[in-house]
Amino acid sequence: MTLDREVAEALLFEWTQGESLRAHARGVEACMRAYARKFDEDEEIWGITGLLHDFDYEKHPSEQEHPQVGCRFLKEKGYPESMLQAILGHAEYLDVPRESRMAKALFAVDELVGLISAVSLVRPSKDIREVQPKSVKKKWKDKAFAKGVDRRDIEKGAEELGVLLSDHIAISLEAMKSVAADLGLDGAAAHFRGESIEK
């Protein structure tokens, strides 16, 4: 089949209504595209893999169903096996080996996108473009911050991918900044809230 981002995003939107999960998918997509460029890989398949890695999560959040239900659907639609294996591999509890670089990248960026988003949202401006890698590292050390983010998975992912953790944070942060508006992290929410208060 021919991979089409618009079709993939329509699929994401059909299965996922929540804006935060849609934004997470776009953030992971941006990071996957950045890593595809870094490693001279196919940016389209890497990006779409990131975009769809959690598309079934809202409807099927249990470990018994996610991401297996989504992968079965994608397989029926003719999506490539390498993509399905990467999506299955990002769920540690399935014990699916991450053999491809794409699978390793997806696992590495997934949790980190959540942490970077959280760091951006606690800023008064809510603008990711003002976030520096050192800000992410500082919040990383605060175990009470974004407790749902598994730092060990991020460290393990970076190691599997063969990149230093500091570089991994910088690459992912820059990728997310490039799609700040799509992630709802361009400061618009803070600006809107300020206008509402003034009125």
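Nothing in this text is a laboratory measurement; each read-out follows from the coordinates by a stated rule. Note that the structure is a prediction, hence the values are computed from the model and not measured. With ideal geometry, Cβ positions are generated from the backbone for all residues, glycine too; neighbour counts draw on all protein chains shown.
Summarising the label geometry, the points placed 7 Å from Cα in the beta-carbon direction at residue 134 and residue 3 lie 3.7 nm from one another. Counting only lysines at least 8 places from residue 177 when in the same chain, those with an alpha carbon closer than 20 Å to its own are 38, 126, 134, 137, 138, 139. Based on the inverse mean of 1/r over its pairs of different Cα atoms, what is the Kirkwood hydrodynamic radius of the stretch 83-199, in Å? Result for the stretch 83-199, one decimal place: 15.2 Å.
Could you work out the local net charge near residue 38, counting Lys and Arg as +1, Asp and Glu as -1, over the other residues with Cβ closer than 14 Å to its Cβ? Don't skip to the end; give the middle numbers.
On the way: positive: 33, 37, 101, 104; negative: 40, 41, 42, 43, 167, 174.
Net charge in that neighbourhood comes out at -2.
Counting Lys and Arg as +1 and Asp and Glu as -1 over every other residue whose Cβ lies under 13 Å from the Cβ of residue 98, the net charge comes to -4. Normalised by 2.2 N^0.38 Å, with N the number of residues, the alpha-carbon radius of gyration of the stretch 25-90 equals 1.09. Using only side-chain charges placed at the Cβ, +1 for Lys and Arg and -1 for Asp and Glu, the dipole size of the chain relative to its Cα centre rounds to 920 debye.
Cross-link partners for residue 75 among the lysines, with Cα-Cα distance under 26 Å and sequence neighbours closer than 8 places in the same chain left out: 59, 104. Computed over the chain, the convex hull of the alpha-carbon atoms projects to a mean area of 11.5 nm².
Full extension of the segment from residue 155 to residue 42, taken as 0.36 nm per residue of separation minus the current Cα-Cα distance, would add 38.2 nm.
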